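Trainee: Can you read through this structure? Questions will come right after.
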Amino acid sequence: MAQRLITCQNALIHEVAIKHYAVHRNRYCIGSAVCTLWKETLRNCVREKSMCLRLKRKRCTHRKNFHNDKFEGSVLLGQNKLVAEQKEFEGTYKFESLTDARTSSPSKSGSLSRRQVVGGLSLATGFADSVFGVANPSRALVQTGSERDERRASSSALEMLKSRVSTFTLGNGMRWIVLERHTAPVVSCHTYANVGAADEAAGITGIAHLLEHLAFKGTKLVGTRDAEAEAALLDQLDAAFYALLDAKRQSRTRDIAGLSAKFEDLKDKTAQLSIPNEYGALISREGGIDLNAETSQDATEYYVSLPANKLELWMALESGRFIAPVFRELYSEKEVVKEERRLRVDNTPYGRFTEVFAEAAFPGLPYGRPILGYPEDFEGIGRKEVAQFFEQHYTPAALTCAIVGDVTPADVEKLAIRYFGGWMSLDSLSTTASTNWRSADGWDLIPRRDAASSVRLRTQVQPLYMEGYYRPPTWSTDDPALSVLNELLSGGRGSRFYKNLIIPGKALSAESSESYPGDKQSSLLLVYGAPPLGTSTDVLAESLHHELGDLAKRKVKEEELAPIKKASKVGLLEAFRNNRAMARLLSRYEATTGSWAHILQEMEEVERISADNVLRVASLLFNHRNTISGYTGDF
């Protein structure tokens, strides 16, 4: 009863908030021939002639209100390709974007992981894209110049970051980070929900990812033709679903046909009351771009970029889908997720293999379960299970929001209080983000084995060899050394795998991933590759073992460490160019480590890594009791 009262109160809060936005929306530019934002953009732009000529060709109209992401910081100035936003942050620190010679392609969301951005780390090549469904950004290299000037410029950029970041926490525990960047009237918003597939209980796998899909189906006021009639039909639809589910489980064949027909009829009626894709269409009409989300083992993240004067619209919509969710189109969206599983797992060359490998590596553990869930579990998920999971995990204290762009902290806090301040839940005051950041090495938490184990899966594809070495969570004191070790193995054309295996022709590909499949719990440092034609995976495994053994027995040369440390700093400075990348980084570090400032601390820790540190963690990591291997192909 208490939970129901809180839910009703939260729904009322959202309805009042959305009406407030509707009353005051006339204060915002909604579509003049040349809008007021255009004039503000000209005032804020750098005064170079070449830039002005570019901007004068781009008139801001109602339906093209900053859709062009050149206003996000990708307008190039002259021969040096210096970005306007970058100039303010980095002073004289000039960048030249060079594509890594290895094949790479953009990921589905075009995003970088927390660790990839900060370390400048390149996790996988285009070949990895076919294995995991993700790819890695190209590495950006800095023009060296004077080391003294370089240090001064990077230090200035980091000090600028510190001075521009503000944080505050609402009374319900919801955390906010604001980074002011007034170079263009745009803003990127990133919501980090501290809940992922690893939080699912056995029997309801896939529910975290399903919730990500449902979050885009609108609110009580957006996405429906008649909210009251729709709510009544949704209740009837749920009753029909559970009645049909019971009939199937009890094998009551006489009842199944009639219940199926009733279920489909109610599903059609509810569909007639919904407005498909209205949430995304509304964001798009108001100039929003890159509206998307992603689910991992550790978290679910939602993000979008908007004109700065649409921040209140985002607040109103975001509060609606988290304070008073509707979960409309649940049963039709389940079919979409089933198709996604067929596409990403069943019908990809290595999808099923990586799933089997994870199950064997983490038997009975959360990281061993697939993010998309097991088909048999997914069939039994209805609105009751979704609502229970949501109420348990989507509390205010589980959310961290980062706002980066042309905003002020005072304005963001005022809007956050208005739209989220009254949101309460039974657990919101007691739930806190507890972290063990750099408190211990964590090696005692990894699942030790008595001997090496292996997985073999026969498939009609190019042979692939994979092995994982158990490592502590990323809060470990040894995590910076593990990051450097991973870069030594496969961090570009100077890495050992590239020089010693790929160039001599011992492997078609050879890569490593420093934390698979997640970061919060003990995971795997993953090594994988494809052997040349006519060579077995066993031969490739021997070559890989030779490289790993060399790291565990002999000290690394300092000249191998220097470029990795520089790349770590360059990776962070490169992220300054993009509002969305910074919003992602700030929210992730704030949520997972306890403070966004650990971005800077981690960079300093990488700088202090010595050859002795790498040798020590390599000796702990690469031993026969700490590994699992996998083979796939036509044996």
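Taken together, the values in this text are just the output of simple stated rules run on the coordinates, not laboratory data. This structure is a prediction, so every number in the text was calculated from the model and none was measured. Cβ sites come from the backbone with ideal geometry, for glycine too, and all protein chains shown count toward neighbours.
Trainee: Tell me whether the range 442-528 comes out rounded, prolate or oblate; compute the Cα gyration tensor, take square roots of the eigenvalues as a ≥ b ≥ c, and use a/c under 1.5 as the rounded threshold.
Mentor: Cα axes put the range 442-528 in the oblate bin.
Trainee: With a Förster radius of 35 Å, plug the Cβ-Cβ distance of Asn292 and Lys555 into 1/(1 + (r/R0)^6) and report the FRET value to the nearest 0.05.
Mentor: According to the calculation, E is roughly 0.20.
Trainee: How high is the FRET efficiency from Ser166 to Glu379, r the C-beta distance, R0 35 Å, rounded to 0.05?
Mentor: Approximately 0.15, to the nearest 0.05.
Trainee: Okay, next question. Sequence gap of 8 or more, or different chains, plus Cα separation below 20 Å: how many lysine pairs satisfy both in the range 251-373?
Mentor: 4
Trainee: Sort 462-470, 218-226 by the packing proxy (mean of other Cβ within 10 Å over each peptide's residues), most packed first.
Mentor: Highest to lowest by the protection proxy: 462-470, 218-226.
Trainee: Using the per-residue mean of other Cβ atoms lying within 10 Å as a proxy for protection, in what order, highest first, do the peptides 230-240, 366-376, 291-301, 523-533 fall?
Mentor: Working: 230-240: 17.0, 366-376: 19.1, 291-301: 21.1, 523-533: 22.8.
Descending packing order for the listed peptides: 523-533, 291-301, 366-376, 230-240.
Trainee: How high is the FRET efficiency from Thr253 to Ser453, r the C-beta distance, R0 41 Å, rounded to 0.05?
Mentor: After rounding to 0.05, the efficiency reads 0.40.
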